[in-house]
Amino acid sequence: MQKPPQSIDFALKETSPKIGAGAVTGDKLSSTYDLVEQMQYLYVRVVKAKDLPGKDVTGGCDPYVEVKLGNYKGVTKHFEKKNNPEWNQVFAFSKERIQASVLEVYVKDKDVVADDLIGRALFDLNEIPKRIPPDSPLAPQWYRLEDRKGDKAKGELMLAVWMGTQADEAFPEAWHSDAASVGPDAVASIRSKVYLSPKLWYVRVNVIEAQDLVPNDKSRFPEVFVKAMLGNQALRTRISQSKTINPMWNEDLMFVVAEPFEEPLVLSVEDRVGGNKDETLGKCVIPLHIVQRRLDHRPVNSRWLNLEKHVIVDGEKKEIKFASRIHLRICLEGGYHVLDESTHYSSDLRPTAKQLWRPSIGILELGILSAHGLMPMKTKDGRGTTDAYCVAKYGQKWIRTRTIVDNFMPRWNEQYTWEVFDTCTVITVGVFDNGHVHGGAGGARDARIGKVRIRLSTLEADRVYTHSYPLLVLHPSGVKKTGEIQLALRFTCSSLINMLHMYSHPLLPKMHYIHPLSVIQLDVLRHQAMQIVSTRLSRAEPPLRKEVVEYMLDVDSHMWSMRRSKANFFRIMGVLSGLIAVGKWFDQICNWRNPLTTILIHILFIILVLYPELILPTIFLYLFLIGIWNYRWRPRHPPHMDTRLSHADAAHPDELDEEFDTFPTSRPSDIVRMRYDRLRSIAGRVQTVIGDLATQGERFQSLLSWRDPRATTLFVTFCLIAALVLYVTPFQVVALLAGIYILRHPRFRHKLPSTPLNFFRRLPARSDSML
């Protein structure tokens with residue numbers, strides 16, 4: 001089913017940025033930092049000062065350094081009463097914005113009324129040296145301070161001044177002139193950073209049995225279950241079938257936990273004494289660092305643990321000496337991959353245990369160049385503004401670019417690298433508006449601008465892809481383009497044989513197939529893993545905020561959406577369209593629409609019947625020729641978000657409002673009733689289709705079930721006659737006669753259904769037994 005092309009505004013565009021990849025330049029940078037455009041910066045590293053004179057009555061000074069270049073001014077922190085301060089701060093001034101010819105560095109004494117000048121150092125920009133990595137950092141030097149007249153002043157300042165690019169080691173931690181309006185408290189929130197997801201493990205708790213439980217009410221049979229808690233995760237076993245003081249369960253409970261292990265596993269054996277009342281019969285606390293780590297399917301040793309029980313005597317908590325016991329088998333599962341992303345676009349498929357990792361098959365390099373046409377995301381001083389930054393996630397490594405303040409056309413030009421272990425993975429790049437640049441309140445959120453997903457298996461090795469991707473966000477009012485992001489991407493394969501061999505391996509580690517987890521289990525564990533990852537990353541400095549991580553991980557992708565349901569239905573129809581087209585073509589052959597084609601098909605059919613050994617070679621040759629023919633129209637660009645495929649551009653406003661509704665719903669009762677009725681209507685159609693499929697299956701079963709004795713008698717008689725005929729008739733003759741009958745001319749056809757079809761439709765089904 002050929003879908004119409006989406007709007008050109010939402011389409012991918014090829015670009016030609018001035019990057020070093022593929023270009024022959026004399027610059028060292030082009031070989032290592034070649035997927036981004038070079039941006040020149042003037043770097044000033046203020047290290048320390050010595051012998052500064054006292055300016056106040058006590059003979060001390062409160063020094064700080066002011067670095068000034070034209071209209072841009074950067075200031076270090078100040079020290080109280082210190083004549084030999086150390087700052088070790090770096091300032092970076094974009095060469096594009098430099099409008100001065102002299103760099104001025106002032107050392108000042110902070111004062112209540114007006115700051116006093118201690119001394120200054122001036123630098124002619126034409127005399128500043130250029131540094132290109134991998135050169136070693138420029139050694140700072142002592143400079144004698146001078147006063148405003150140019151005379152020598154007391155004190156010296158250690159500085160390093162050089163011209164460099166964004167490849168410089170000092171770049172990520174530097175104060176940037178294009179963020180001069182950002183206060184000192186928010187500087188950390190705009191810097192680029194690399195984060196690592198915590199190492200996630202599955203914890204398997206096999207609760208086997210308990211012994212010698214002591215229920216408070218000994219006159220009744222105990223209804224005992226085990227409740228396990230790990231952090232904010234809580235699971236419980238079913239109530240034991242053996243209602244004694246020695247209950248048995250043999251039930252598995254699965255949790256997700258991240259290193260370093262912060263919370264212990266708490267197990268409590270509880271007795272259901274009433275409708276909503278449970279009585280604790282004993283507890284045990286298990287630190288996870290002592291738990292055995294399992295790498296394969298071999299069972300770990302079971303353990304008996306004592307259950308602690310406390311009673312209140314005279315207002316004091318006392319421990320009972322006689323302890324009940326619980327029999328457990330606990331392990332940290334290293335052979336599974338802990339899913340923290342949607343399985344359809346995972347960026348990592350390796351098991352938890354590093355010993356089980358296969359060697360890497362290549363390197364992925366991403367250049368985040370720029371964005372343009374960004375929409376205003378918030379209001380400041382009565383005008384719209386956007387403080388944009390990018391986040392990219394692949395495997396356990398997250399990167400965050402620096403925030404470009406108040407700019408609808410930000411240029412990042414930052415390059416990052418990942419090891420690749422499997423090409424059937426996806427890298428996700430998201431663009432966000434920083435809501436904390438100007439000291440956003442505690443409730444401020446980083447707004448999503450859009451994201452791009454690129455599957456590595458769709459990329460050719462060693463080719464540089466430079467494209468501008470549309471940033472699309474779905475709102476309750478419809479799909480909106482919030483701008484475009486320009487990326488440069490290159491996948492370098494280190495071993496072609498290993499990469500091709502990967503296609504024969506299972507997608508997930510073998511434990512997922514030897515001891516598979518249920519779909520419901522995986523969904524619950526994935527949700528827990530997402531919560532753990534977002535919580536850990538939001539505790540970093542600067543934090544990668546929860547809303548950012550959840551958007552990158554598609555935390556709400558499992559929620560009901562009418563739009564997604566329609567999109568998936570049409571995807572299925574697109575897959576089946578090939579079979580439908582073949583069916584229509586065969587119908588035309590049978591009806592002799594084109595007599596010449598039908599005659600050729602007759603000849604081909606006769607050849608294949610007479611020489612059946614040619615059937616499989618013919619099929620594979622045909623598939624080979626189709627593949628070679630389609631090579632001419634192979635995709636030449638990576639995939640991107642498709643509004644037509646997603647049915648985002650034609651979704652009804654009410655469907656979008658339902659998609660953005662909270663869970664549980666927060667809409668008025670009349671709207672909920674209308675949506676419920678609509679869902680019932682759709683479910684009714686689905687129910688009818690499922691019922692029809694069940695009916696056809698039951699008719700097949702009734703062929704030999706004697707439910708309709710006359711029909712079964714006819715079918716059994718036909719089977720006997722057919723068996724006798726086929727015993728004495730060569731198979732090729734039968735196949736030839738059947739094929740010629742099917743391909744017969746329309747003159748020899750009836751418009752009424754065929755006899756076998758009439759017979760099948762008359763067979764009974766169990767639908768008449770349904771209430």
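The values are calculated or read from the model by the stated rules, or taken from the named source; none is laboratory data. Computed from a predicted structure; not experimentally measured. Cβ coordinates were reconstructed from backbone atoms using ideal geometry, including for glycine residues, and neighbour counts include every protein chain displayed. All accessible areas refer to the heavy atoms of the entire protein, side chains included, with ligands and DNA or RNA removed. Shrake-Rupley method; radii C 1.70, N 1.55, O 1.52, S 1.80 Å.
One table, with the values for the structure above:
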{"read-out": "Antiparallel DSSP beta bridges within segment 40-192, as percent of all bridges there, nearest 5", "value": "95"}
{"read-out": "Hydrodynamic radius of segment 199-333 per Kirkwood, over alpha carbon pairs, in Å", "value": "15.7"}
{"read-out": "Per-residue HN-Hα couplings for segment 549-557 [Karplus 6.51, -1.76, 1.60; θ = phi - 60°; Hz; x = Gly/Pro]", "value": "5, 5, 5, 5, 8, 6, 5, 9, 5"}
{"read-out": "Placed amide H near GLY395: partners under 5 Å, 5+ positions off or other chain", "value": "SER347, ASP348"}
{"read-out": "Pair ALA694, THR458: separation of 7 Å Cα→Cβ label points (nm)", "value": "4.0"}
{"read-out": "Centroid-to-centroid separation of segment 517-568 and segment 325-376 [C-alpha atoms, Å]", "value": "13"}
{"read-out": "Linear extension gain, GLU263 paired with ILE742, 0.36 nm per residue minus alpha-carbon span", "value": "165.4 nm"}
{"read-out": "Net charge over other residues, Cβ less than 12 angstrom from the Cβ of VAL473 (K, R count +1; D, E count -1)", "value": "+3"}
{"read-out": "Only Lys, Arg (+1) and Asp, Glu (-1) charged, at Cβ; segment 494-635 dipole about Cα centre in debye", "value": "300"}
{"read-out": "Accessible surface of the chain, 1.4 Å probe, proportion on carbon and sulfur as whole %", "value": "58"}
{"read-out": "For LEU579, net neighbour charge (Lys/Arg +1, Asp/Glu -1) across residues whose Cβ lies under 15 Å away", "value": "+1"}
{"read-out": "Amide hydrogen neighbours beyond the local backbone of GLY435, cut-off 5 Å, H modeled", "value": "ASP446, ALA447"}
{"read-out": "Cut-off under 5 Å, modelled amide H: who pairs with THR165 long-range", "value": "TYR41"}
{"read-out": "Translational diffusion coefficient (Stokes-Einstein; Kirkwood radius from C-alpha pairs) of segment 40-192 at 20 °C, 1.002 mPa s, in µm²/s", "value": "134"}
{"read-out": "Those lysines that a straight Cα-Cα span of less than 27 Å connects to LYS480, excepting residues fewer than 8 apart in one chain", "value": "LYS3, LYS13, LYS378, LYS380, LYS393, LYS451, LYS546, LYS566"}
{"read-out": "The chain, helix-only ellipticity at 222 nm - DSSP H runs n ≥ 4, -39,500 (n - 2.57), divided by all residues, nearest 500", "value": "-7500 deg cm²/dmol"}
{"read-out": "Compactness of segment 248-297 as Cα Rg over 2.2 N^0.38 Å, two decimals", "value": "1.49"}
{"read-out": "Helix runs (DSSP H) in the chain reaching 24 Å along axis by Cα, Kyte-Doolittle at least 1.6", "value": "709-728"}
{"read-out": "Radius of gyration and maximum dimension Dmax of segment 609-679, Cα, Å", "value": "24.7, 71"}
{"read-out": "Option label - Cα extents along the principal axes in Å computed here, alternatives [x] 78, 73, 50; [y] 102, 89, 79; [z] 120, 91, 57", "value": "[z]"}
{"read-out": "Mean separation of Cα contacts under 8 Å (6+ apart) over length of segment 633-771, as relative contact order %", "value": "28"}
{"read-out": "Rounded to whole Hz, the Karplus (6.51, -1.76, 1.60) HN-Hα couplings of segment 186-203, x for glycine and proline", "value": "9, 4, 4, 7, 10, 7, 6, 7, 10, 10, 10, 4, x, 6, 9, 10, 8, 10"}
{"read-out": "Charge dipole magnitude, Cβ of K and R +1, D and E -1 - segment 35-133, Cα centre, debye nearest 20", "value": "280"}
{"read-out": "Karplus 3J(HN,Hα) series, Hz, for segment 137-150 with 6.51 cos²θ - 1.76 cosθ + 1.60 (x for Gly, Pro)", "value": "x, 5, 6, x, 10, 7, 10, 6, 6, 10, 8, 5, 7, x"}
{"read-out": "Segment 94-184: radius of gyration and largest Cα-Cα distance (Dmax), Å", "value": "15.2, 46"}
{"read-out": "Relative contact order %, segment 354-553, counting alpha carbon pairs below 8 Å whose residues are six or more apart", "value": "22"}
{"read-out": "Percentage relative contact order, the chain, counting C-alpha pairs under 8 Å, at least six apart", "value": "11"}
{"read-out": "Net charge dipole size for the chain [Lys, Arg +1 and Asp, Glu -1 on Cβ; Debye, nearest 20]", "value": "2480"}
